[in-house]
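Participant: Dropping the structure in here first, questions after.
No value in this document is a laboratory result; all are computed from the given coordinates. Here the structure is a predicted model, which is why all the values come from computation and not from measurement. Note: ideal-geometry Cβ built from the backbone for every residue, glycine included; neighbour counts use all protein chains shown.
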Amino acid sequence: MQSQNPLISDFVKLANSAAGTFAGMTREARESGRERLKEALGGMDFVTREEFDAVKDMAVRAREENERLAARIALLEARHAAD
């Protein structure tokens, strides 16, 4: 039969308490870090995916329109040169 040593029992309790405290501190530090990162990034002017896609579509349409206009100008210049 094992005898209970109060010194070992107290040491085990202390170790368990320290482990719980350390885990809590780690969790709190992680959450605090996340909050600070959110605050830092929240102050920046990032665009949403929808805004980005809308501007991208506008740029594609503008590029296509420029190509059409360039072709039309080339055609008109060719006609003018032929006259």
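Participant: Need the C-alpha centroid separation for region 42-83 versus region 9-30, integer Å.
Facilitator: 62 Å
Participant: Over the residues of region 1-45, compute the C-alpha Rg and express it relative to 2.2 N^0.38 Å. Working shown, then result.
Facilitator: Working: Rg = 19.8 Å, N = 45, 2.2 N^0.38 = 9.3 Å.
For region 1-45, the normalised Cα radius of gyration comes out at 2.11.
Participant: Where does helix 6-42 land angle-wise versus the long Cα axis of the chain, in degrees 0 to 90, nearest 10?
Facilitator: Here the helix axis deviates by roughly 20 degrees.
Participant: Quick check: pseudo-label points 7 Å beyond the Cα along Cα→Cβ at residue 51 and residue 26, how many nm apart are they?
Facilitator: Reported label-point gap for residue 51 and residue 26 is 3.9 nm.
Participant: Which chymotrypsin sites (Phe, Trp or Tyr not before Pro) in region 14-82 pass both tests, a DSSP loop state and at most 16 other beta-carbon atoms within 10 Å? Intermediate results must be reported in sequence, preceding the final value.
Facilitator: Values: sites: 22, 46, 52; in loops: 46.
Sparse-neighbourhood loop chymotrypsin sites (Phe, Trp or Tyr not before Pro): 46.
Participant: Debye sum, Cα scatterers, the chain, no solvent: what log₁₀ I/I(0) at q = 0.15, 0.21, 0.25, 0.27 1/Å?
Facilitator: -0.84, -1.01, -1.10, -1.15
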